[in-house]
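To start, the structure under review is shown below, and the notes come after it.
The values are calculated or read from the model by the stated rules, or taken from the named source; none is laboratory data. From a predicted model like this one, the values you see are computed outputs, not experimental measurements. Note that each Cβ is placed from the backbone with ideal geometry, even for glycine, and that neighbours are counted across all protein chains shown. The protein model used for the area step is the full one, side chains on, heavy atoms only, and it has no ligands, DNA or RNA in it. Shrake-Rupley method; radii C 1.70, N 1.55, O 1.52, S 1.80 Å.
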Amino acid sequence: MEDSQLKKSAFTGMLWKLAERIGAQGVTLLISIILARLLTPDDYSVVGVVNVFFAFCNVFIIGGFNSALIQKKDADQKDYSSVLLVSLGIAGVLYAVIFFCAPWIAALYRKPLLNPVFRVMGICLIIDAVKAVLYAYVSNQLQFKKFFFATLCGTLSSATVGIIMAMAGFGPWALVAQKMVSSIADTLVLTLTSKFRIKLQVSFQRIKQLFSYGWKIFVATIISTLYDQCNPLIIGLRFSTVDLSFYSKGQSFPLALNSALDGALSSVLFPVMSKVQDDAASVLNYTRKFMRTASYVIFPVMVGFLAVSDSFITVLLTDKWQGASIYIKIFCITYMFNIIQNGNLQTIRAIGRSDIILKLEIIKKSLYFVVILTAILLAKEPYWLAVATIVNTAIAIVVNTMPNRNLIGYKLRLQIMDLLPNLLLAAVMGAAVYALNFVQMHALLKLMTQCICGVAVYVGLSIITKNENFHFLLNTLGKYIFKRR
């Protein structure tokens with residue numbers, strides 16, 4: 001694929017992926033707010049516990065094959081079908097384990113309802129095994145438009161079911177139904193719109209080849225998932241499942257914003273850079289452009305959300321969720337800087353150095369667990385565990401940037417220079433927005449004023465400082481829109 005054509009595919013893919021993630025996360029946030037008003041923190045605590053365990057299950061189901069399929073330039077039908085059948089087999093075994101262990105887990109958390117919820121939601125493990133392979137296939141073909149329609153259908157249908165059941169008084173079962181409908185709809189639409197068809201063929205030689213790359217990603221993902229789910233696991237056991245609900249809800253909003261923005265850009269960057277993985281200069285160029293553009297969008301969103309978090313809780317979630325406010329602030333800071341570590345990791349993945357990924361994960365998580373263990377031993381409040389994630393993010397930034405210094409010449413100093421202008425703009429904007437918290441006015445009016453002020457200040461500063469990322473996005477979008485016409 002020629003460079004000009006690749007850039008066109010990358011930008012088109014980015015637009016569709018952004019539309020898919022922003023649309024999906026936007027609707028998801030809206031539905032989350034509606035459901036939070038209809039349900040209680042105790043209702044959310046049931047599904048919160050299940051999600052912790054299923055996060056580990058999904059790692060074993062995907063097993064690093066997803067990344068291996070995307071990274072492989074000449075992946076064919078036999079590769080995808082082989083991975084699919086193996087993943088389905090693993091998912092079936094895990095569902096059986098979950099089914100029989102559900103009563104013991106329910107007793108451990110002193111939540112009898114966990115028993116049937118685990119057994120019903122476990123069906124999603126099998127569905128998600130199919131979805132993961134479809135995701136790899138569509139990503140490898142750069143057909144991100146299909147994600148838009150699949151996610152839109154899944155999000156809207158699951159939202160409808162979830163809200164209706166919540167209003168009817170089904171409590172946590174509304175959240176269970178929402179998750180299941182979303183998985184089924186996403187997978188069904190991707191199956192119908194993609195050219196991929198399931199074939200009963202397994203090549204263990206292909207599995208072996210893919211696993212030679214994917215096992216390192218698999219081990220790294222296990223370590224990463226263990227770290228990600230450590231806090232929820234400890235909070236649910238040491239403090240209470242309601243505290244787990246506050247933690248999960250406070251994390252969910254910054255995470256959704258990060259997923260919509262950073263996730264969309266990263267998912268496009270990886271397959272695009274895989275096409276030019278043998279050209280270090282091109283990889284460096286794409287990585288720097290990704291860092292500058294993504295940070296220009298993500299920094300102000302996270303800083304702005306942190307500044308309005310108190311008004312957000314009061315107006316949209318109601319006072320019963322005030323316990324989540326501190327977590328929103330903490331995770332806004334954490335996810336704000338994820339762009340740096342994720343951008344570097346995507347670069348390493350794209351050039352096929354999964355061995356480095358594994359080494360980095362071992363180093364980082366060894367340091368992470370020291371920080372987490374210290375927080376667990378000293379924590380008097382559950383939010384102390386969340387604060388530890390900020391420290392670990394700083395560790396990740398330093399560790400993840402080290403390999404790219406030699407691989408593509410992207411030094412930490414150069415990365416700081418790329419990101420600093422956007423960080424300063426976001427900081428000034430955030431200070432202006434946060435200052436409005438001290439102005440006496442109606443909560444809804446204050447929230448609206450803060451949002452308008454944030455956008456106006458950030459855009460105004462971008463124009464005054466002649467920020468190159470602002471003009472790049474403005475010009476590129478303009479050219480694309482007029483060309484489409």
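In the range 366-376, the count of residues that are crowded, with 19+ Cβ neighbours inside 10 Å and under 24 Å from Ser212 (Cα atoms) is zero. In the range 143-156, is there at least one residue being within 21 Å of Gly48 (Cα to Cα) and either open to solvent by 50 Å² or more (accessible area, probe 1.4 Å) or in a helix (DSSP H, G or I) (or both)? There is at least one residue in the range 143-156 that is within 21 Å of Gly48 (Cα to Cα) and either open to solvent by 50 Å² or more (accessible area, probe 1.4 Å) or in a helix (DSSP H, G or I) (or both).
Here Ala68 meets each of (1) open to solvent by less than 10 Å² (accessible area, probe 1.4 Å); (2) closer than 25 Å to Gln178 by Cβ; (3) within 25 Å of the chain's Cα centre (by Cα) with one exception, condition (2).
Under the condition of being among the polar types (S, T, N, Q) and without any contact (Cβ under 8 Å) to a residue 60 or more places away in the chain, the residues counted in the range 296-334 number 2. When the range 312-357 is filtered for residues that are within 28 Å of Val399 (Cα to Cα) and of a type in the set (S, T, N, Q), the ones remaining, listed by number, are Thr334, Asn338, Gln341, Asn342, Asn344, Gln346, Thr347, Ser354. Here is a check on your reading of the model: is Ile34 more than 24 Å from Leu345 (Cα to Cα), of a type in the set (Val, Ile, Thr) and at pLDDT 80 or above? Against the criterion (more than 24 Å from Leu345 (Cα to Cα), of a type in the set (Val, Ile, Thr) and at pLDDT 80 or above), Ile34 qualifies. Selection of the range 71-91 for residues being modelled with pLDDT of 85 or more and surrounded by fewer than 20 Cβ atoms within 10 Å (Cβ to Cβ) yields Leu85, Leu88, Gly89, Ile90. Going through (1) at pLDDT below 80; (2) closer than 22 Å to Val47 by Cα; (3) not hydroxyl-bearing (Ser, Thr, Tyr) one by one, Asp228 falls short only on (1). For the range 451-476, the set of residues classified as under 26 Å from the mean Cα position of the chain (by Cα) and in contact (Cβ under 8 Å) with a residue 12 or more places away in the chain consists of Cys451, Gly454, Tyr458, Asn469, Phe470, Phe472, Leu473, Thr476, listed by residue number.
Scanning the range 428-462 for residues being of a type in the set (A, V, I, L, M), exposed (fewer than 12 other Cβ atoms within 10 Å of the Cβ) and part of a helix (DSSP H, G or I) gives a total of 1. Being over 12 Å from Phe53 (Cβ atoms), at pLDDT 90 or above and part of a helix (DSSP H, G or I) holds for only one residue in Ala96, Ala106, and it is Ala96. When you scan the range 207-214, do you find a residue that is of a type outside the set (A, V, I, L, M, F, W, C), open to solvent by 70 Å² or more (accessible area, probe 1.4 Å) and free of Cβ contacts under 8 Å to residues at least 12 places away in the same chain, even just one? Yes, the range 207-214 has at least one match.
Out of the residues in the range 49-63 that are at pLDDT below 90 and surrounded by 23 or more Cβ atoms within 10 Å (Cβ to Cβ), state the one that is nearest to Gly171 (Cα to Cα). Taking the candidates together, the pick is Ile61. Answer yes if at least one residue in the range 177-195 is at pLDDT below 90, in a helix (DSSP H, G or I), of a type in the set (Gly, Ala, Ser) and under 30 Å from Asp43 (Cβ atoms), and no otherwise. No, the conditions are met nowhere in the range 177-195.
Listed by first and then second residue, the pairs with beta-carbon distance under 7 Å, at least 6 apart or on different chains, first residue in the range 101-127 and open to solvent by less than 10 Å² (accessible area, probe 1.4 Å), second part of a loop (DSSP other than H, G, I, E, B), are Ala106/Pro112.
Taking the stated definitions as given, is Leu134 assigned to a helix (DSSP H, G or I), under 20 Å from Lys179 (Cβ atoms) and modelled with pLDDT of 90 or more? I'd like the intermediate steps shown before the answer.
Values: assigned to a helix (DSSP H, G or I): yes; under 20 Å from Lys179 (Cβ atoms): yes; modelled with pLDDT of 90 or more: no.
Against the criterion (assigned to a helix (DSSP H, G or I), under 20 Å from Lys179 (Cβ atoms) and modelled with pLDDT of 90 or more), Leu134 does not qualify.
What are the pairs, 6+ residues apart or on separate chains, where a residue within the range 398-424 that is more than 11 Å from Arg292 (Cα to Cα) and free of Cβ contacts under 8 Å to residues at least 24 places away in the same chain has its Cβ under 7 Å from a residue that is crowded, with 16+ Cβ neighbours inside 10 Å and not acidic (Asp, Glu)? Listed pairs, sorted by first residue: Leu412/Thr401. Farther than 21 Å from Ala55 by Cβ and either in contact with a strand residue (DSSP E or B) (Cβ under 7 Å, 6 or more places away or on another chain) or open to solvent by less than 30 Å² (accessible area, probe 1.4 Å) (or both), is that true of Ser194? Yes, satisfied.
Of everything in the range 167-189, what is farther than 17 Å from Met121 by Cα and open to solvent by less than 30 Å² (accessible area, probe 1.4 Å)? Give them in sequence order. Once the filter is applied, which keeps residues that are farther than 17 Å from Met121 by Cα and open to solvent by less than 30 Å² (accessible area, probe 1.4 Å), the range 167-189 yields only Val189.
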